[in-house]
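Okay, structure first, notes after.
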Amino acid sequence: MSTVAPFRHTAYPVRVHAGDDALSNLRSAVQRTGARRPFVVCGKSIANRTNLLERIAEALGEPPVGVFDGVQTGSPVPAVLEGTRMAQEAEADLIIAVGGGSAVVTARAIIILLAEDGDPQDLATKYPPGQPPVSPRLLRPKLPNILVLTTPTTAATRAGTAVVDGETGHRLEMFDPKTRPAAVIWDTEALLTAPADLCVSASASLFSGVVSALQGPSVNAMAMADLLASLGLLVENLPTARKDASDGAARVNLCVASFMYNRAWDTGASGSALGVVTALAHSLDTRYLDCSHGAAYSILSAPGMRFNRDSNVAGQARVADALGVREQGADDVDAADSAADAVAGFFEAIGLPVSLRDVGVPADGIREIAEDAMTDFGLHRNVRPVRGVEELESVLRGAW
């Protein structure tokens with residue numbers, strides 16, 4: 001008799017409003033939390049180049065109690081601290097994040113700092129030498145938040161929050177499930193405010209994440225169903241989003257793919273199969289501002305798969321089957337190679353870079369990226385143990 005490995009799905013309460021005029025649900029979403037003083041967190045492009053702040057005021061029935069429009073790519077600590085100060089002065093009791101991943105993460109960081117004592121350095125995950133990472137428990141109650149997304153993002157329903165230390169350029173990772181949103185809004189008009197390049201870039205890390213999770217050494221059936229559905233939506237809709245900047249349905253579908261991917265994580269999927277890619281990508285897009293978050297993953301995903309191949313042949317062959325690129329009669333090793341080639345080819349086909357040189361990384365910059373990645377949380381979950389910075393340099397040289 002066959003055995004079934006135990007698995008668990010952990011859900012949390014969140015409402016999703018999607019489609020044309022989905023933003024009209026904002027007022028009821030706020031009222032459902034009991035909040036009376038909503039505060040908006042967004043970037044300057046949202047504030048100055050779109051009508052979203054006007055639409056939010058209209059949907060709420062009155063203006064929010066304040067707006068912080070200083071969100072920056074990567075959520076640097078100085079911007080987060082300024083947003084925290086403004087939200088505190090406004091006596092906010094709910095945060096509305098408007099934008100993509102940086103707005104979502106900045107809003108979560110503000111929520112944490114409003115509640116906890118200490119700065120991000122105090123509250124971030126620590127990496128004791130030779131020991132597993134340790135994340136401080138952030139136990140105080142948190143303000144609710146609602147997301148009005150302008151791009152698909154895997155940050156939307158996560159519990160982790162990573163900001164960038166302004167002095168060292170290093171990521172500071174905070175973890176608190178209580179910062180997950182009460183509601184997420186995928187309004188077609190809001191999603192179409194983002195340029196096609198930004199939408200595609202935001203979805204690239206999602207594609208890499210799905211490919212990574214599909215390679216997991218033990219993916220249960222429930223997580224697998226979400227991952228395969230997410231992959232299908234990405235393969236169909238990412239090229240459409242690239243070709244037709246006015247296709248709102250494709251953008252909503254990419255948000256659906258992101259939500260399903262995160263739900264798979266809540267059912268036991270993980271990033272262990274490509275933790276090396278996550279770590280290097282975090283270091284790369286933090287240190288090289290010309291490299292978008294999505295470009296970091298488009299450049300590093302295939303090299304990371306090749307680095308891990310011999311430690312995860314069956315998992316990578318599973319990706320080849322999911323993408324339909326296993327040649328007839330090919331064994332798992334050949335299928336794994338085909339999967340890595342297909343991932344690189346997909347990124348290239350939708351116009352994303354596949355080499356470090358494409359984003360301005362010099363050969364002598366490789367060592368710094370590798371050293372920084374050695375303290376990233378993702379690296380400790382990689383399916384192949386990374387034994388030193390030299391191994392990371394070899395991955396980067398393969399991507400250069």
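The values are calculated or read from the model by the stated rules, or taken from the named source; none is laboratory data. Fair warning: this is a prediction, and the values are worked out from it, not measured in the lab. Using ideal geometry, Cβ is built from the backbone for each residue, glycine included, and neighbour counts are taken over all protein chains shown. Quick note on the areas: whole protein, heavy atoms, side chains included, nothing else; ligands and nucleic acids left out. Shrake-Rupley method; radii C 1.70, N 1.55, O 1.52, S 1.80 Å.
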Is there any pair with a first residue in segment 132-153 that is more than 20 Å from Met260 (Cβ to Cβ) and a second that is β-branched (Val, Ile, Thr) and at pLDDT below 95 whose Cβ atoms are under 8 Å apart and which are 6 or more apart or on different chains, and what are they?
Pro133/Thr125; Val134/Thr125; Ser135/Thr125; Pro136/Thr125
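Name the residues in segment 219-245 that are open to solvent by 50 Å² or more (accessible area, probe 1.4 Å) and part of a helix (DSSP H, G or I), would you? Explain how you work it out, then say what you get.
Of segment 219-245, the ones open to solvent by 50 Å² or more (accessible area, probe 1.4 Å) are 221-222, 225, 228, 235-236, 242-245.
Hits for segment 219-245 are Ala221, Met222, Ala225, Leu228, Val235, Glu236, Arg242, Lys243.
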Hey, can you tell me all the residues within segment 179-194 that are touching a Gly at 6+ places or on another chain (Cβ under 9 Å) and assigned to a loop (DSSP other than H, G, I, E, B)?
Leu192, Ala194
Of Ala35, Ala11, which residue is exposed (fewer than 14 other Cβ atoms within 10 Å of the Cβ), among the small types (Gly, Ala, Ser) and outside any helix (DSSP H, G or I)?
Ala11
Scanning segment 336-356 for residues that are of a type in the set (D, E, K, R) and more than 21 Å from Leu198 (Cβ to Cβ), which turns out least open to solvent (accessible area, probe 1.4 Å)?
Asp337
Of all the residues that make up segment 247-290, how many are open to solvent by less than 20 Å² (accessible area, probe 1.4 Å) and either closer than 21 Å to Leu392 by Cα or free of Cβ contacts under 8 Å to residues at least 24 places away in the same chain (or both)?
12
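Determine whether Phe377 is within 23 Å of Gly216 (Cβ to Cβ), open to solvent by 30 Å² or more (accessible area, probe 1.4 Å), of a type in the set (A, V, I, L, M, F, W, C) and in contact (Cβ under 8 Å) with a residue 60 or more places away in the chain. Let's see the steps before the verdict.
Values: within 23 Å of Gly216 (Cβ to Cβ): yes; open to solvent by 30 Å² or more (accessible area, probe 1.4 Å): yes; of a type in the set (A, V, I, L, M, F, W, C): yes; in contact (Cβ under 8 Å) with a residue 60 or more places away in the chain: yes.
So Phe377 fits the description; yes.
Counting only residues that are open to solvent by 50 Å² or more (accessible area, probe 1.4 Å) and among the aliphatic types (A, V, I, L, M), how many does segment 326-335 have? Spell out the reasoning first.
As a first pass, look at segment 326-335 and keep what is open to solvent by 50 Å² or more (accessible area, probe 1.4 Å): 326-329, 331-334.
In the following step, the residues that additionally are among the aliphatic types (A, V, I, L, M) were identified as 333.
Qualifying residue count, segment 326-335: 1.
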Take the residues of segment 357-373 that are in contact with a Leu (Cβ under 7 Å, 6 or more places away or on another chain) and farther than 20 Å from Gly294 by Cβ: which is surrounded by the most Cβ atoms within 10 Å (Cβ to Cβ)?
Ala370
Filter result (at pLDDT 95 or above and among the aromatic types (Phe, Trp, Tyr)) within segment 285-338
Tyr297, Phe307
Of the numbered conditions (1) modelled with pLDDT of 95 or more; (2) surrounded by fewer than 20 Cβ atoms within 10 Å (Cβ to Cβ), Asp187 fails exactly one; give the number of that condition.
(2)
Would you be able to say whether some residue in segment 225-246 is closer than 25 Å to Ser270 by Cβ, without any contact (Cβ under 8 Å) to a residue 24 or more places away in the chain and aliphatic (A, V, I, L, M)?
yes
